[in-house]
Amino acid sequence: MVTEVKKHKQRGMYFMKRLVLVLLAGLVAVSMAACGNKTEEKAGDAGKGTTLASGDGSSEEAVRNGYKIGYAVNVLDEAQTKTKDAFVKEAEANGCEVVVTNADGSVEKQLSDIEALAAQGCDMIGVIAVDSEGLVPAIDVCKEAGIPMADISFGINGDCDMHIIADLYEYTANQSRYLKTVLDENPELELKIGYIWGAQGTKSASMQYEGFHDTLFEEEAEYAERCELLVEKVCDWKADQAQAAIEDWMQAFPEMNCVVAMSDEMALAVVEALKASGENLDEWIVVGKDGSDAAIASMKAGELDATSQMRKADFGAMAAKTMIAYINGEDVGLNDEKYVYFNEFRLLTKENIGEYD
């Protein structure tokens, strides 16, 4: 719950940049008036009717000023590409320029990316972190440059100006709610589970694991008694690593009958490995997270069992609106820990997938 709305405070350098723009705009206006130009400049319709993450104003200030926003991505997989595309579309519709970088899973590259974005004079930088601790130095880079920084989605362990994040506990609690439903429908079934992490160095990964683990193993003893977590592995969000993991597990844990993964891409790699090994998919339960197009196609084909979906376009657009409003000095609904939450998820399964586009 939002306990206190914090006002945005721009640093001296940032104010100077905005002041220069305002003075230039004033000089242009005076020059036009002297020439007898009676045409009234308008920002256009791009920013009209925009609903902010919190608040009720539009972002016409961004249209006038043409903010440059940095967007530093951890890795451009399918899910992050959708988020990025929606972010860029929303920001550009509000007259902003977005500079996107892709760290491809490297902390060192992402730090270098953020330094480059700061050097380009971005008005704000959003970061989808590779690692919560490893990206802490980026906060200092932005502070020294007088550029506000938004931690988007993955959690940075430091004093960012803003954290825009999904309620990841609830996001993955959906995975375990599905498993509980399966157990309810099959009273004799016991689940022997392999769990695939995307990463272990971020707050977001820990929240996702806790949502899955607590919901299945700690909420109700009747379900915990019928489940066993055999093995866990970090696969760096990579399909080939997830495929290698399940290939090893099929040999080491012949009793395994369930795999839960932190992303659809890794879950689908598991499905493909099971198929290639001649396994009967009806004897396995594989659950992902993202609600990707590929996952939906797999469920419609009767292969992947379920996924928890957060529509990336909605999240990306919300992040862009929130950052633009923040640059403008508007209220964005920050709580005491500088968090703004996104909390719209749905559980997609083989059984209900026909109800969705």
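The values are calculated or read from the model by the stated rules, or taken from the named source; none is laboratory data. Keep in mind that what you see is a predicted model, and the values were worked out from it rather than measured. Here Cβ is always computed from backbone atoms with ideal geometry, including for glycine, and neighbour counts include all displayed protein chains.
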Worksheet item: So VAL340 fits all but one of (1) at pLDDT below 95; (2) touching a Ser or Thr at 6+ places or on another chain (Cβ under 9 Å); (3) part of a helix (DSSP H, G or I); (4) not small (Gly, Ala, Ser); what number is the exception?
Response: (3)
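Out of curiosity, is LYS350 more than 18 Å from ALA91 (Cα to Cα), in contact with a Leu (Cβ under 9 Å, 6 or more places away or on another chain) and surrounded by fewer than 20 Cβ atoms within 10 Å (Cβ to Cβ)?
Values: more than 18 Å from ALA91 (Cα to Cα): yes; in contact with a Leu (Cβ under 9 Å, 6 or more places away or on another chain): yes; surrounded by fewer than 20 Cβ atoms within 10 Å (Cβ to Cβ): yes.
Answer is yes for this residue.
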Discussion item. Which numbered condition in (1) surrounded by fewer than 22 Cβ atoms within 10 Å (Cβ to Cβ); (2) over 18 Å from the mean Cα position of the chain (by Cα); (3) under 29 Å from GLU344 (Cβ atoms) is the only one that CYS122 fails?
Written reply: (1)
Response to the item:
Counting only residues that are modelled with pLDDT of 95 or more, aromatic (Phe, Trp, Tyr) and within 24 Å of the chain's Cα centre (by Cα), the stretch 192-249 contains a total of 4
Worksheet entry | Subset of the stretch 143-171 [touching an Asp or Glu at 6+ places or on another chain (Cβ under 8 Å) and not in a loop (DSSP other than H, G, I, E, B)] | MET149, ALA150, MET162, HIS163, ILE164, ILE165, TYR169
Worksheet entry | Residue satisfying all of: in the stretch 264-301; modelled with pLDDT under 95 and within 24 Å of GLU210 (Cβ to Cβ); nearest to the chain's Cα centre (by Cα) among these | ASP290
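Can you give me the number of residues within the stretch 343-357 that are among the acidic types (Asp, Glu), modelled with pLDDT under 90 and more than 18 Å from SER153 (Cα to Cα)? Let's see the steps before the verdict.
Initially, the stretch 343-357 is screened for residues among the acidic types (Asp, Glu), giving 344, 351, 355, 357.
Within this subset, residues satisfying the condition of being modelled with pLDDT under 90 are 344, 355, 357.
In the following step, the residues that additionally are more than 18 Å from SER153 (Cα to Cα) were identified as 355, 357.
Count: 2.
Given the options TRP237, TRP284, name the one that is more than 25 Å from GLY354 (Cβ to Cβ) and among the aromatic types (Phe, Trp, Tyr). Show your work before the answer.
On the way: TRP284 fails: more than 25 Å from GLY354 (Cβ to Cβ).
TRP237 is the lone residue from the list that is more than 25 Å from GLY354 (Cβ to Cβ) and among the aromatic types (Phe, Trp, Tyr).
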Practice prompt. Working only within the stretch 108-135, note down all residues that are of a type in the set (A, V, I, L, M, F, W, C), free of Cβ contacts under 8 Å to residues at least 60 places away in the same chain and farther than 19 Å from MET207 by Cα.
Written response: LEU111, ILE114, ALA116, LEU117, ALA118, ALA119, CYS122, ILE125
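Taking TYR195 as the residue in question, decide whether it is among the aromatic types (Phe, Trp, Tyr), under 22 Å from LEU281 (Cα atoms) and part of a helix (DSSP H, G or I). Outline the logic, then answer.
Details: among the aromatic types (Phe, Trp, Tyr): yes; under 22 Å from LEU281 (Cα atoms): yes; part of a helix (DSSP H, G or I): no.
The answer is no for TYR195.
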Worksheet, complete the sentence: Of (1) out of contact with any strand residue (DSSP E or B) (no Cβ under 8 Å at 6 or more places or on another chain); (2) in contact (Cβ under 8 Å) with a residue 60 or more places away in the chain; (3) over 22 Å from LYS233 (Cβ atoms); (4) charged (D, E, K, R), ASP161 fails just (1)
Response to the item:
The residue from LEU189, LEU179 that alone is more than 22 Å from the chain's Cα centre (by Cα), under 30 Å from TRP284 (Cα atoms), modelled with pLDDT of 95 or more and surrounded by 18 or more Cβ atoms within 10 Å (Cβ to Cβ) is LEU179
